[in-house]
Amino acid sequence: MTVAVDAVEAFRKQYGAEPAGLWAAPGRVNLIGEHTDYNEGFVLPFALPQRTVAAVSPAPAGEWTVCSTFTDEAVSFGRTEPGEVTGWAAYVAGIVWALADAGHEVPGARIALASEVPLGSGLSSSAALESAVLTALIDMGGLDVPLDRRPAIAQRAENVYVGAPTGILDQSASIRCEEGKALFLDCRSYEVEQIPFDLAAEGLAILVINSNAPHQHVDGEYGARRKSCEEAAAILGVRALRDVTVDELDEALSRLDDDVMRRRVRHIVTEDQRVLDTVALLRAGRVREIGAVLTAGHASMRDDFEITVAQVDVAVEAAIAAGALGARMTGGGFGGCVLALIEAGSAATTTQAVEKAYAERGFTAPTCWTVTAGPGATAITR
Ligand code: ADP
Ligand code: MG
């Protein structure tokens, strides 16, 4: 694993010593269930084989230093409050703070990070970093933090310390996913079920298409979508949009005056159902049939939730025209990646079709690769 070697080398260079241990946590893609997490609904991510590795050694109590292959800067800090450490190191200081705030005695540490999860592409390099560091500190300190409590701690680091208002999806995926499985997560109860997701056995593969589209207005648009959902829930008299089922959708929509809000609600309610449908199909071994559900999810994000951009719409269309069983944008939107469910042998032709469609429109070329469902956060050996 070259990323582990990179982390060890970065550790040696920064600290002139060998790390005591290595911890790895993956990026993720969401198979289906977009923007449902903060509506207390359902999501179905799986872990990428791409991981972030933290090489770590103990340091005196109350002292933390972190460096990363991604920058020349090393950052040291003591016990801090949100806002005191900023920039990329805030993700690490945030984990230390959130663990301490949850009542744990966080061990001092020297940390070096390396990552093969592309940064800022919607594959959740931020959660991979948080989860690797969190797992390292818990293991090193012998802290008693059950697995099901860990995602919320990492989420608090990102929400409160870094100041990014994200749901629980990314951290849950990075921490709780298992190899060969998709993680069916109920974002209200945090109950999970591991759903078999072995595409190779079906002669299928997932192609990730990074649109390489510049992210624009992401935070503002995300906040606006969240607000719209919360306002709709209040008008409908439910705790969250999760409480509206597809059977109740028409009646609920008839009680909303605003057309934009109606479309936002329709996306969330139908998207929750698409997660349930996908889970049912996977449980029944009817993997090919999830393709149509994925494509319907894309149309809903494009037309109702309005979070796609031309590059991701074109990637979806080109992949389907090239024979993909289904395709959809994955992640929060406004750029990022597309997933295409394809026949195992057709990665090259699908990639070429998408590249051609991008070239014709003058878009920056996409980056495509196939993925399988990898393991969640864990200690690793070199
Ligand atoms: P995503 O999670 O989709 O990759 P985010 O904007 O949420 O995008 O997180 C990316 C940010 O996380 C980076 O800009 C950087 O601040 C931080 N980050 C992620 N991985 C690393 C790393 N290996 N080293 C340092 N910072 C990182
Ligand atoms: Mg992120």
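The values are calculated or read from the model by the stated rules, or taken from the named source; none is laboratory data. Please read these numbers as outputs of a predicted model, since none were measured by experiment. Cβ placement follows ideal geometry from the backbone for every residue including glycine, while neighbour counts extend to all protein chains displayed.
Data overview
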{"quantity": "Condition met for Phe46 (out of contact with any Pro (no Cβ under 7 Å at 6 or more places or on another chain) and under 30 Å from Val238 (Cα atoms))", "calculated": "yes"}
{"quantity": "Failed item, numbered, when Phe77 is tested on (1) buried (at least 19 other Cβ atoms within 10 Å of the Cβ); (2) touching a strand residue (DSSP E or B) at 6+ places or on another chain (Cβ under 7 Å)", "calculated": "(1)"}
{"quantity": "Verdict on Ile138 being β-branched (Val, Ile, Thr), away from ligand 2 (no atom under 12 Å from the Cβ) and free of Cβ contacts under 8 Å to residues at least 60 places away in the same chain", "calculated": "yes"}
{"quantity": "From Ser189, Ser126, residue being in the same structural domain as Leu31 (by TED's automatic domain parsing) and in a loop (DSSP other than H, G, I, E, B)", "calculated": "Ser189"}
{"quantity": "Scope segment 135-172; condition closer than 19 Å to Gly83 by Cα, more than 13 Å from the chain's Cα centre (by Cα) and either more than 9 Å from ligand 1 (Cβ to nearest atom) or not assigned by TED's automatic domain parsing to the domain that holds Asp186 (or both); matching residues", "calculated": "Ile153, Arg156, Ala157, Asn159, Val160, Tyr161, Gly163, Pro165"}
{"quantity": "Of residues in segment 119-138 being touching a strand residue (DSSP E or B) at 6+ places or on another chain (Cβ under 7 Å) and of a type outside the set (A, V, I, L, M, F, W, C), the one farthest from Thr370 (Cα to Cα)", "calculated": "Thr135"}
{"quantity": "Among the residues listed as Glu63, Glu73, the single one being modelled with pLDDT under 95, over 21 Å from Gln155 (Cα atoms) and assigned by TED's automatic domain parsing to the domain that holds Ser125", "calculated": "Glu73"}
{"quantity": "Among (1) assigned to a strand (DSSP E or B); (2) within 16 Å of ligand 2 (Cβ to nearest atom); (3) not acidic (Asp, Glu) - the single one Ala205 does not satisfy", "calculated": "(2)"}
{"quantity": "Close pairs from segment 1-25: first of a type in the set (Lys, Arg), partner surrounded by fewer than 18 Cβ atoms within 10 Å (Cβ to Cβ) and not in a helix (DSSP H, G or I), Cβ under 8 Å, at least 6 apart", "calculated": "Arg12/Glu18"}
{"quantity": "Single residue of Glu193, Glu230, Glu202, Glu248 found to be modelled with pLDDT under 95 and surrounded by fewer than 17 Cβ atoms within 10 Å (Cβ to Cβ)", "calculated": "Glu202"}
{"quantity": "Residue selected from segment 82-124 under the condition polar (S, T, N, Q) and surrounded by fewer than 22 Cβ atoms within 10 Å (Cβ to Cβ), by the criterion farthest from ligand 2 (Cβ to nearest atom)", "calculated": "Thr86"}
{"quantity": "Yes/no for Ala377 being surrounded by fewer than 13 Cβ atoms within 10 Å (Cβ to Cβ) and touching a helix residue (DSSP H, G or I) at 6+ places or on another chain (Cβ under 7 Å)", "calculated": "no"}
{"quantity": "Yes/no for Ser211 being modelled with pLDDT of 95 or more and not assigned by TED's automatic domain parsing to the domain that holds Val244", "calculated": "no"}
{"quantity": "Among (1) part of a helix (DSSP H, G or I); (2) β-branched (Val, Ile, Thr); (3) more than 15 Å from ligand 2 (Cβ to nearest atom), the one test that Val133 misses", "calculated": "(3)"}
{"quantity": "Odd one out for Leu48 among (1) within 11 Å of the chain's Cα centre (by Cα); (2) within 30 Å of Glu230 (Cα to Cα)", "calculated": "(2)"}
